[in-house]
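Q: Got a structure for you, questions after.
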Amino acid sequence: MTQKTICVRIQAMNETLPRVSAIILAGGQSRRMGRDKAFIEFEGKPLIQRVLERVQPLCAETIIVANDAAAYARFDLRVVPDIYPGKGSLGGIFSGLSAARETHALAVACDMPFLNGDLLRYLISLAPLFDVVIPRAPDASGKTPRGARGDAVRAHPRSEQPIAKESNLHPLHAIYSKNCLAAMQARIHAEDLRMVGFFDKVRVRMVSEEEVDRFDAEHWSFFNMNTPEDWELARSIVK
């Protein structure tokens, strides 16, 4: 099969997908990494560029959520700041979703080197009937998940609902619709920054581990790089 034939087939598959925006959460403080994760070199290019290359062919537009627009000017994309600074990944997704032109948006972190196009395509295909489409499967690395900006999830003190990491959910590898905005905003105002805190107010489709396995049996899609050790592990995987 020639490269031209492959490109034509990929284009045909993408034309059947629902139109979605892409939200890339970036601009975190990267305290544990010691430098901006988005621009760490990985396989000869900045890590965020690797992420962009995997989501842009699937999405109608791409938005980077970061408070330093100048740092991301090289990518010639819309960069939007946090509407509510300091509200972690929930605040970042709220900001990107508010700015998105499409009704649904794919949200991923800037530090996920092993995004799987086929799995992302599957999530997008499910989007029209739901407000959230989110995978539920163990992280291959076994490490404790954190937010896209390295933030630990802060739960409301009176809440008894589990946070995402306790349920093997991956909110930074998920689809959200604009129907989520009001419920997200209410949780932000309540200082309940759990990514699952608003799920009872919207239509949620959890993608099972068996479904994920069809595209990524080892679940490396959900791996994100928060520390130098994560970076070394990712480099060892590609070798």
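Q: Somewhere in the stretch 73-89, is a residue out of contact with any Phe, Trp or Tyr (no Cβ under 9 Å at 6 or more places or on another chain), touching a residue at least 60 places away in the same chain (Cβ under 8 Å) and among the small types (Gly, Ala, Ser)?
A: Yes, the stretch 73-89 contains a residue that is out of contact with any Phe, Trp or Tyr (no Cβ under 9 Å at 6 or more places or on another chain), touching a residue at least 60 places away in the same chain (Cβ under 8 Å) and among the small types (Gly, Ala, Ser).
Q: Got at least one residue in the stretch 227-238 being among the small types (Gly, Ala, Ser) and outside any helix (DSSP H, G or I)?
A: Of all residues in the stretch 227-238, those among the small types (Gly, Ala, Ser) come to 234, 236.
After this cut, where a residue has to be outside any helix (DSSP H, G or I) as well, the list is none.
Checked against the condition, which is being among the small types (Gly, Ala, Ser) and outside any helix (DSSP H, G or I), the stretch 227-238 yields no hits at all.
Q: Restricting to the stretch 27-65, name every residue that is crowded, with 20+ Cβ neighbours inside 10 Å, modelled with pLDDT of 95 or more and assigned to a loop (DSSP other than H, G, I, E, B).
A: Listed by number, the list holds a single entry, Cys59.
Q: Under 9 Å between Cβ atoms, which residue pairs at least 6 apart in sequence (or on different chains) link something in the stretch 40-66 that is at negative phi with a partner that is in a strand (DSSP E or B) and surrounded by fewer than 18 Cβ atoms within 10 Å (Cβ to Cβ)?
A: Pairs that qualify, where the first residue is at negative phi and the partner is in a strand (DSSP E or B) and surrounded by fewer than 18 Cβ atoms within 10 Å (Cβ to Cβ), are Leu47/Glu41; Glu53/Lys45; Glu61/Arg78; Thr62/Arg78; Ile63/Arg78; Ile64/Arg78.
Q: Hey, another quick one. Can you pull out every residue in the stretch 97-145 that is of a type in the set (S, T, N, Q) and closer than 17 Å to Leu52 by Cβ?
A: Within the stretch 97-145, Asn116 is the sole residue that qualifies.
Q: If you don't mind, there's one more thing I want to ask. Somewhere in the stretch 117-129, is a residue outside any helix (DSSP H, G or I), within 17 Å of the chain's Cα centre (by Cα) and at pLDDT 95 or above?
A: no
Q: Going through the stretch 182-217 one residue at a time, which ones are touching a residue at least 24 places away in the same chain (Cβ under 8 Å), assigned to a loop (DSSP other than H, G, I, E, B) and under 18 Å from the mean Cα position of the chain (by Cα)?
A: Across the stretch 182-217, the qualifying residues are Leu193, Arg194, Met195, Val196, Gly197, Ser208, Phe215, Asp216.
Q: Looking for whichever is surrounded by fewer than 16 Cβ atoms within 10 Å (Cβ to Cβ) and modelled with pLDDT under 95 here; the options are Ala190, Ala152. Which one fits?
A: Residue meeting the stated conditions: Ala152.
Q: Testing Pro113 on (1) of a type outside the set (Gly, Ala, Ser); (2) surrounded by 16 or more Cβ atoms within 10 Å (Cβ to Cβ); (3) outside any loop (DSSP other than H, G, I, E, B), one condition comes back false. Which one is that?
A: Unmet condition: (3).
Q: If I filter the stretch 1-26 down to residues being of a type in the set (A, V, I, L, M, F, W, C), over 18 Å from Gly92 (Cα atoms) and not in a helix (DSSP H, G or I), which single residue comes out as modelled with the lowest pLDDT?
A: Keep residues of the stretch 1-26 that are of a type in the set (A, V, I, L, M, F, W, C), which gives 1, 6-8, 10, 12-13, 17, 20, 22-26.
If we keep only those that are over 18 Å from Gly92 (Cα atoms) as well, we get 1, 6-8, 10, 12-13, 17.
Pick out the ones that are also not in a helix (DSSP H, G or I) and you get 1, 17.
Values: Met1: 50, Leu17: 92.
In this case the residue turns out to be Met1.
Q: Quick one: is Ile93 at pLDDT 95 or above, among the aliphatic types (A, V, I, L, M) and closer than 18 Å to Arg187 by Cα?
A: Working: at pLDDT 95 or above: yes; among the aliphatic types (A, V, I, L, M): yes; closer than 18 Å to Arg187 by Cα: yes.
For Ile93, the condition - at pLDDT 95 or above, among the aliphatic types (A, V, I, L, M) and closer than 18 Å to Arg187 by Cα - is met.
The values are calculated or read from the model by the stated rules, or taken from the named source; none is laboratory data. Computed from a predicted structure; not experimentally measured. Cβ: placed from backbone, ideal geometry, glycine included. Neighbour counts: every protein chain shown.
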